[in-house]
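This report refers to the structure that appears directly beneath it.
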Amino acid sequence: MSERHACELMDLGRSSCRYRPCRAEDPALRDRLRTLAETRRRFGYRRLGVLLRREGWPVNHKRVYRLYREDGLSLRRRRRKRVAPGLRLPLPVPVRANHRWSMDFVADHLANGRRFRVLTIVDDGTRECPALEVDTSLPGARVVRVLDRLADSRGLPEWVVLDNGPEFAGTAVDRWAHAHGVRLHFIEPGKPVQNAFVESFNGKFRDECLNEAWFLTLAEAQQAIEVWRQDYNTVRPHSALGDATPAEFAAQLKTDEHTGPRIDDRGSGWPEDHPQMASLGSLGE
């Protein structure tokens with residue numbers, strides 16, 4: 001059967017039948033994407049696309065995704081344990097910096113098997129991480145010293161959300177909170193979802209830092225974790241903040257405080273096009 005006859009039967013133009021794609025791929029773009037994917041192995045194609053656009057590459061998410069798949073860079077998803085479905089109510093989103101902090105602990109091991117812990121602190125309003133304290137022992141008195149250090153550098157929160165661990169539920173943190181007028185909110189035992197902001201941060205911290213590194217000494221762990229914290233605050237795009245970094249979002253909040261953002265009918269201090277409004281919108285549903 002001739003091409004002409006086949007195209008007539010299929011109602012297909014002969015030019016469309018003969019068309020061959022001729023994409024002009026930029027090898028430099030492909031190399032840069034591969035380099036970013038090797039450097040940040042736990043970033044997916046969307047977050048890598050944000051980094052490329054920051055560097056000036058004129059790409060959209062579809063082009064990044066195609067190159068990402070062609071080069072076999074797909075992120076391997078770690079399977080999560082399935083749990084029974086249940087009703088989950090969202091926490092109210094803080095509307096400013098230092099409105100509410102969340103604290104928790106993460107544990108890991110050095111190369112020699114020695115266990116160390118990390119005190120993680122998150123500003124729920126800006127998603128910033130003010131501190132990651134690393135040591136083999138972090139009692140309540142050490143937690144208080146970290147909070148005092150943060151009080152000098154960025155001020156103190158109105159609320160702190162934490163679990164019922166002995167470091168937090170002991171007298172040291174309680175006395176400190178009373179002396180500084182900070183209110184403590186303890187979640188229910190066995191319900192970490194009530195401390196969702198820091199739990200989400202802990203997942204990123206373990207996935208992108210602890211699981212990607214092999215620490216020989218405690219000093220090496222402290223240095224590498226502090227480098228990751230600075231990168232998280234100032235470089236890593238945060239999808240909940242419209243792909244801005246926590247530091248950029250905090251700076252925007254300060255600007256809004258001076259200019260006076262419009263109060264909308266839901267009573268929040270955010271403009272309607274603000275990234276936080278997407279989270280606040282679900283509270284009234």
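The GluC sites (Glu not before Pro) of region 13-61 meeting both criteria, a DSSP state outside H, G, I, E and B (loop) and at most 12 other C-beta atoms within 10 angstrom of the site's C-beta, are 25, 55. As a length-normalised measure over Cα pairs under 8 Å and 6 or more apart, the relative contact order of region 181-250 settles at 14 percent. The overall shape of region 122-167, judged from the alpha-carbon gyration tensor, is prolate: a/c is not under 1.5, and a/b is greater than b/c.
With a simple spin-label model that places each label point 7 Å from the Cα along the Cα-to-Cβ direction, the separation between residue 136 and residue 231 comes to 2.7 nm.
Taking a ≥ b ≥ c as the square roots of the eigenvalues of the Cα gyration tensor of region 101-248, is the shape rounded (a/c under 1.5), prolate (a/b larger than b/c) or oblate? Oblate is the answer for region 101-248, as a/c is 1.5 or above yet b/c matches or exceeds a/b.
Within the shell defined by Cβ-Cβ distances under 15 Å, the residues around residue 173 carry a net charge of -1, with Lys and Arg each +1 and Asp and Glu each -1.
Solvent-accessible surface of protein heavy atoms, probed at 1.4 angstrom with all chains present, puts 51, 73 in the order 73, 51, largest first. Straightening the chain between residue 1 and residue 220 buys 71.7 nm, computed as 0.36 nm per residue apart minus the Cα-Cα spacing.
About its Cα centre, the dipole of region 110-262 is roughly 300 debye, where the only charges are +1 on Lys and Arg Cβ and -1 on Asp and Glu Cβ. Applying 1/(1 + (r/R0)^6) with r as the Cβ-Cβ distance of residue 69 and residue 254 and R0 = 30 angstrom yields a FRET efficiency of 0.15.
In terms of its C-alpha gyration tensor, region 84-181 comes out oblate, because a/c is 1.5 or above while a/b does not outweigh b/c. Overall, region 134-173 carries a charge dipole of about 120 debye about its Cα centre when +1 sits on the Cβ of Lys and Arg and -1 on the Cβ of Asp and Glu, all other atoms neutral.
The values are calculated or read from the model by the stated rules, or taken from the named source; none is laboratory data. These figures come from a predicted structure and were not determined experimentally. Reconstructed Cβ throughout: ideal geometry from the backbone, glycine too, with neighbour counts over all protein chains shown. Areas reflect the complete protein model, heavy atoms only, side chains present, ligands, DNA and RNA absent. Shrake-Rupley method; radii C 1.70, N 1.55, O 1.52, S 1.80 Å.
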